[in-house]
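Trainee: Below you'll find the structure I mean.
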Amino acid sequence: GNPGPGASACVIKDKKGTLLKGEGLFWPQCTNNQAEFNALKLALQRARELGGTELTIRADSQLLVKQFLGEYKIKNPQLKDLMAEIKQLCSSFKKINIQHVPREQNKEPDLICNQTMDKALKRPLSPQAPINN
């Protein structure tokens, strides 16, 4: 359901494509947009912790990307506040490029979300191999 239980996840790789971090967070109650915004926030926090300076962010939410870029307005007050936190985190980096990618090109974070939900809801884990969590 939307809202309902949800998860956010990020996968961080270096320029060569080597996996540095994969992490998911469970939300007992959230909307799809809240999960997407929190995934971006999580990615920025972890990239900063790992010492990243220039980021290329790939998100499968076109709405999130357009809202981040200011092409679409954010009407929800909670999401506005969350975007303000995200923009503050962005000041930690020299350069950030964000782009929309089809969901098929974003399988690793999707898998982490599914596994995070499965674990939190005490369901059998999704069948693919786990990502470095």
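The values are calculated or read from the model by the stated rules, or taken from the named source; none is laboratory data. What you see is a predicted model; the values in this text were computed from it and never measured. Virtual Cβ from ideal backbone geometry, glycine too; neighbours counted across all protein chains shown. Only protein heavy atoms, including side chains, enter the accessible area calculation; ligands, DNA and RNA are left aside. Shrake-Rupley method; radii C 1.70, N 1.55, O 1.52, S 1.80 Å.
Trainee: Scan [x] 14.9, 45; [y] 14.4, 41; [z] 12.9, 36 for the value of Rg and Dmax of the Cα atoms in Å calculated from this model and give just the label.
Mentor: Given [x] 14.9, 45; [y] 14.4, 41; [z] 12.9, 36, the structure-derived one carries the label [y].
Trainee: With point charges of +1 on the Cβ of Lys and Arg and -1 on the Cβ of Asp and Glu, referenced to the Cα centre of the chain, which listed residue (Leu125, Gly6, Leu82) lies farthest in the positive direction of the dipole?
Mentor: Of the candidates, Leu82 comes out farthest on the positive side.
Trainee: Ok, one more. With a 1.4 Å probe and every protein chain left in place, work out the accessible area per residue of the stretch 79-118 in Å², rounded to a whole number.
Mentor: Dividing the accessible area of the stretch 79-118 by its residue count gives 58 Å².
Trainee: If you don't mind, there's one more thing I want to ask. Among the listed pairs Lys80/Lys107; Lys13/Lys107; Lys75/Lys107, which are separated by more than 18 Å between their Cα atoms?
Mentor: Numbers: Lys80/Lys107 27 Å; Lys13/Lys107 14 Å; Lys75/Lys107 29 Å.
Over 18 Å Cα-Cα: Lys80/Lys107; Lys75/Lys107.
Trainee: Still on this model: Counting trypsin sites (Lys or Arg not before Pro) as exposed when in a DSSP loop with at most 15 other beta carbons within 10 Å, what is the longest stretch of the chain free of them? Spell out each step's value before the answer.
Mentor: Details: sites that count: Lys15, Lys16, Lys73, Lys75, Lys94, Lys122.
With trypsin sites (Lys or Arg not before Pro) excluded where exposed in loops, the chain gives 17-72 as its longest stretch.
Trainee: Related question: So which chymotrypsin sites (Phe, Trp or Tyr not before Pro) in the stretch 34-94 are both in a DSSP loop and have at most 13 other Cβ atoms within 10 Å of their Cβ?
Mentor: Answer in residue order: Tyr72.
Trainee: First obtain the Kirkwood hydrodynamic radius of the stretch 77-121 from its Cα pairs, then insert it into the Stokes-Einstein equation at 4 °C and 1.567 mPa s, and state the resulting D in µm² per second as a whole number. Don't skip to the end; give the middle numbers.
Mentor: On the way: Rh = 13.2 Å.
Result for D is 98 µm²/s.
Trainee: Would you mind counting up the charge near Asn33? Only other residues with Cβ under 14 Å from its Cβ, with Lys and Arg at +1 and Asp and Glu at -1. Can you show the working numbers first?
Mentor: Working: positive: Lys41, Lys66, Lys73, Lys75, Lys80; negative: Glu36, Asp60, Asp81.
Its environment carries a net charge of +2.
Trainee: What's the magnitude of the charge dipole for the chain around its Cα centre, counting Lys and Arg as +1 and Asp and Glu as -1 at the beta-carbon? Answer in Debye, nearest 20.
Mentor: Values: 20 positive and 13 negative charges, 39 e Å.
Computed charge dipole of the chain: roughly 180 debye.
Trainee: Where does the charge balance sit around Ala7 when Lys and Arg score +1, Asp and Glu -1, over other residues with C-beta under 13 Å from its C-beta?
Mentor: Once all neighbours under 13 Å are counted, the net charge is -2.
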